[in-house]
Amino acid sequence: MSTANASLALSARASDWTVRIHRYSPVFMLLICFVVAPFVHADFIQRLAYPPGLDQDAYLVAGRNVVNHFVFMPGKPLYSAWMGLMYVLSGSDLKACFYLEKTVSVLLFAFLMAMLGLTLFGARTATLMGLWALSCKYLTLEPNGSHAFAASLSVASVLCFFLPSKAARLPASLLLAFATTLVRPEMKLPFYCIGLGLLAWHFVNRRKRDSQAAERSGLSDQRATYWAAAAAVAIALTALFALRSTTDRSYFHRLAFQEFAATYMDRNHLPERFPTRFPGRWDATAQSAVYHEIIPMAATPVEIVRFYPHEVLGNILYNIKTSVTRVLPAMFLAFDRRVLMLLALVLYCASFAFWREHRNPPPSSREGAETIRTVLIVWALASALVLPVVMLLHVSARQFIQEVPVLILLGTIALRRLVSTRFPLAWQPR
């Protein structure tokens, strides 16, 4: 009997420690990000050259324009506002603004990924996912920070389903998903699919609930309030950015031609074969040569498809091949500090031999397992819709940064499943 009582007491003590760890884990995750980041990226500034070139130069100027003239960048107004905030915090220094924004965006992404791991699995997996996000080589070294900011907002939209107020979860999640479209235009397709998917699930599932119980608890009034607030914020942002954005109707027109020309040059290895005539895929002279010699009859993006379908198809097939064989695996498995990540993965797997997770899932995960499963499935499928857009344009590592959160989550789940064959886990997503 005494042995049984001692076992129960030990179990209760372990349960109490598990609850305490889960309660204070957000603070620990934030501290880990700040403490580990300088060691992981000690040569961060030396490896990121300034000026960054291409898009990020335009974003830096856009942030300065937000502060000085209160005008926002067309297509990416929210990111220009974010850059304006970084410009103010950096003391109106464009160079300091660049490095500050990159540092904040990487730490924010790592922290949110750690929080996702915490809410789904626990503190141990949260630490692994945070380190994983912090060690993603091409996310960290990509000068264009808009993709990382969009990825952070996407993860935050999922975390909204762990809010204490059930009535606020869906409106807050959709509002943040809408915000991603104001950072990266290609996120509009995932947003529409996420919105339609979650709304359809919400209304279908709502029929199963007891409406009278909802009325007694006052959830209906709370839902109306949160929905009205989310709609008001979305409308206000849309109106503000529409009124205070610089007009550039030819932006997407130029983008389609530039991306087509860049992919064509890569597909035919023109910079390597003719370095003098085609010095680089983004060189204005080289791109002009592609326009006039390869697609001379095309004046609009639609005409490229109409008059040169074989070239468009060739670009798409080349983009698919490049994505599958090089870019996606690199985004997922290219670690900036390989030894550190290998050590973290080994310690994570070995820890299951002596540190078993609590029998019950964390409080935030215990309720609504079906809801979380639905949200994760809709989020993963909708995020994948960015891929067809990328295949039509130009494939580069930065175009897949929005897929990194989903890839890390899927990799973590697969790793836990693999470890569970040897050490049974206490809780897994159902």
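The values are calculated or read from the model by the stated rules, or taken from the named source; none is laboratory data. Values in this document were obtained by computation on a predicted structure and should not be read as measured data. So basically every Cβ, Gly included, is an ideal-geometry build from the backbone, and we count neighbours across all protein chains shown.
Reported count of residues in the stretch 289-305, each being outside any loop (DSSP other than H, G, I, E, B), exposed (fewer than 13 other Cβ atoms within 10 Å of the Cβ) and hydrophobic (A, V, I, L, M, F, W, C), is 1. For the stretch 367-386, taking the residues that are part of a loop (DSSP other than H, G, I, E, B) and among the aliphatic types (A, V, I, L, M), the one that is nearest to residue 344 (Cα to Cα) is identified as 384. Does residue 261 satisfy the condition of being surrounded by 14 or more Cβ atoms within 10 Å (Cβ to Cβ), touching a helix residue (DSSP H, G or I) at 6+ places or on another chain (Cβ under 6 Å), aliphatic (A, V, I, L, M) and free of Cβ contacts under 8 Å to residues at least 40 places away in the same chain? Considered against the rule, which asks whether it is surrounded by 14 or more Cβ atoms within 10 Å (Cβ to Cβ), touching a helix residue (DSSP H, G or I) at 6+ places or on another chain (Cβ under 6 Å), aliphatic (A, V, I, L, M) and free of Cβ contacts under 8 Å to residues at least 40 places away in the same chain, residue 261 comes out as yes. Among the numbered conditions (1) assigned to a helix (DSSP H, G or I); (2) within 15 Å of residue 259 (Cα to Cα), the only one that residue 310 does not meet is (2). Checked across the stretch 87-107, the condition of being assigned to a strand (DSSP E or B) and at pLDDT 85 or above holds for no residue. When every residue of the stretch 61-74 is checked against the conditions, at least one turns out to be closer than 30 Å to residue 281 by Cα, among the polar types (S, T, N, Q) and out of contact with any Phe, Trp or Tyr (no Cβ under 6 Å at 6 or more places or on another chain). Checking each residue in the stretch 63-89 for being free of Cβ contacts under 8 Å to residues at least 24 places away in the same chain, under 17 Å from residue 237 (Cα atoms) and within 22 Å of the chain's Cα centre (by Cα) picks out 80, 81, 84, 85. Only one of the listed residues (389, 404, 395) is assigned to a loop (DSSP other than H, G, I, E, B), under 27 Å from residue 137 (Cβ atoms) and either of a type in the set (A, V, I, L, M, F, W, C) or at pLDDT below 85 (or both). That residue is 395. A Cβ distance below 7 Å, combined with a sequence gap of six or more or placement on separate chains, defines the contacts here; from the stretch 347-362, residues that are at pLDDT below 70 reach residues that are surrounded by fewer than 13 Cβ atoms within 10 Å (Cβ to Cβ) in the pairs 360/366.
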